[in-house]
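Data first, discussion second: the structure below is written as C-alpha cells.
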Amino acid sequence: MTSGNIGIFDSGFGGLTILDGIRQRMPEYDYIYLGDNARAPYGTRSFDVVYEFTLQAVKKLFEMDCPLVILGCNTASAKALRSIQQKYLPKYAPDRRVLGVIRPTAEVVGTISRTKHIGVLATEGTIKSESYKLEIEKLHPDCTIVGQACPMWVPLVENNEFDKPGADYFVKDSLQKLLNQDPLIDTIILGCTHYPLLLPKIKQQLAQLSTVNCQLSTVNCQLSTPQIIPQGQYIASSLEDYLRRHPEMDERLTRGGTCQYLTTESASKFRECASLFLHEEVNAQHITLS
C-alpha cells in the first residue's frame, strides 16, 4: 500500500547535497528534507546527544508518513544509525527503515583506489568514531584507511565563506595533514555532506600539494593527484539498488515529484542558505523537535 515520502535528515544544510544527488537520479519520488539547523553542528557532540537528536528527527519524519528515512549526515550515521536500527526500529517501528551514508561510500571506494590507501576527511565526531575505517576494512580488508578531522570546514560552508580566499589556508592545512600521514593515498572520501561546496578549493590545493610532494619524493611522482569521492552520486545509486531489492518498500512510496523542506531554525534563513547547495529557491517550514 502506498504511504508516503522518502525522508532525508541532516543536522544542517549538508544533507542537501545528498538530496540533490538522489533527486537527480530518482526525480519521480516524493521527498521531505529535515534540517536540525538550530542545533547544528553535530560533529563535536557526544554519541548520546547525537542519538537523541537524530531519533527525534527520525520520529518526526515517521509521523509525516516517511516509511524510509536516509540519514544524510555522516555524524548521525556514525553515532546513531546502528542504535536506531538495532534498538528502536525492531520494537517501535518494525515496518520502517532508516539508512545511512557511510556504508554505500565504503562499498564503492575500495574498488576505486588503485594503491588501496584511502583518506577520509570528516568532522571530529565522524573521525573519532572510526566508522569509515571499520566499514571499509570489513568490506575491503586490503585497504589502509587514514582519517583527518577538518574542524573549520563546516563553519566555512555554513557562513558562506567556502569560496573566499580565507578558506584556502584551512583547506590546505587539513589536506597536508592527511597526506603527511600517508603519502600513498590516491583516493579521498569527503566524509561530510557540507564538503562538496569546498570541492573547487580542495582540487586546487590538492594539485598544488601533489606538485610540491612530487618535487620532494620520487615515490609521489609515480602517483597522480588523489581523486575525490563526494557522496551524493553513490548514495543515490545505493538507494536505487536498495529499492530494487526491496520492492515491498518501493511500493509504499508515492511518486509525485514533490519535495518539502523542514528546519528547526528560521525558515527564511534556511531558504537563503539552501540556495547555496541547490542553486534554486526553496520554500521551508519551521518545526520543533523534542
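Bear in mind that the values in this text are calculations on the coordinates, not laboratory data. Small disclaimer: the values here were computed from a predicted structure and weren't measured. Note that each Cβ is placed from the backbone with ideal geometry, even for glycine, and that neighbours are counted across all protein chains shown.
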What residue among Gly15, Thr263, Thr126 has its Cα farthest toward the positive end of the dipole of the chain, where the charges are +1 on Lys, Arg and -1 on Asp, Glu, each on the Cβ? Thr126
Using DSSP loop states and a limit of at most 16 other Cβ atoms within 10 Å to flag GluC sites (Glu not before Pro), what is the longest stretch of the chain containing no flagged site? 29-129
Student exercise, region 47-185 dipole from Lys, Arg, Asp, Glu Cβ charges, in Debye to nearest 20: 420 debye
With a point put 7 Å past each Cα toward its Cβ, work out how far Asn283 is from Glu63 in nm, to one decimal. 2.2 nm
Would you compute, from DSSP H runs of 4+ residues alone, the mean residue ellipticity of the chain at 222 nm, taking -39500 (n - 2.57) per run and dividing by the full residue count, rounded to the nearest 500? -14000 deg cm²/dmol
Take every Cα pair under 8 Å in region 22-84 that's 6+ residues apart, average their separations, divide by the length, and report that relative contact order as a whole percent. 39 percent
Compute a Gaussian network model of the chain, connecting alpha carbons closer than 10 Å, and tell me which residue from Pro151, Pro90, Pro230 fluctuates the most. Pro90
What shape does region 102-246 have by the C-alpha gyration tensor, where a ≥ b ≥ c are the square roots of the eigenvalues, rounded means a/c under 1.5, and otherwise prolate means a/b greater than b/c and oblate the rest? oblate
Please check which bits of region 76-115 a label hung off Lys128 would reach, taking the label as a point 7 Å along Cα-to-C-beta and the cut-off as backbone N under 15 Å. 76, 78-80
Please list, or write none, the aspartates and glutamates whose alpha carbon is within less than 15 Å of the alpha carbon of Lys116, excluding same-chain residues fewer than 8 places away. Glu107, Glu135, Glu137, Asp142, Asp182, Asp186
With the dipole of region 96-153 worked out from charges on the C-beta (+1 for Lys and Arg, -1 for Asp and Glu) around the Cα centre, which of Leu139, Trp153, Ser113 lies farthest toward the positive end? Leu139
Above 22 Å lies some portion of the pair distances; for region 1-151, what is it as a whole percent of all C-alpha pairs? 42 percent
Only Lys, Arg, Asp and Glu count, each charged at its Cβ (+1, +1, -1, -1), so figure out the dipole size of region 1-116 about its Cα centre, rounded to 20 debye. 500 debye
In degrees, nearest 10, range 0 to 90: what is the angle between the Cα axis of helix 102-112 and the longest Cα principal axis of the chain? 40 degrees
Can you bin region 93-165 into rounded, prolate or oblate? Criterion: square roots of the alpha carbon gyration tensor eigenvalues sorted a ≥ b ≥ c, rounded for a/c under 1.5, prolate for a/b above b/c, oblate for the rest. oblate
Among the listed pairs Lys87/Lys138; Lys128/Lys177; Lys60/Lys138; Lys138/Lys172; Lys59/Lys269, which are separated by more than 27 Å between their Cα atoms? Lys60/Lys138; Lys138/Lys172
Would you please report the Å³ per residue occupied by the convex hull of the alpha carbon atoms in the chain? 119 Å³
Relative contact order (percent) for the chain, with alpha-carbon contacts under 8 angstrom and 6 or more residues of separation? 27 percent
Using the charge dipole of the chain (Lys, Arg: +1 at Cβ; Asp, Glu: -1 at Cβ; taken about the Cα centre), state which of Gly166, Leu99, Leu206 has its Cα farthest towards the positive end. Leu99
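Only four residue types carry charge here, +1 at the Cβ of Lys and Arg and -1 at the Cβ of Asp and Glu. Report the dipole size of the chain about the Cα centre in Debye, rounded to the nearest 20.
Values: 29 positive and 32 negative charges, 96 e Å.
Once rounded to the nearest 20, the dipole reads 460 debye.
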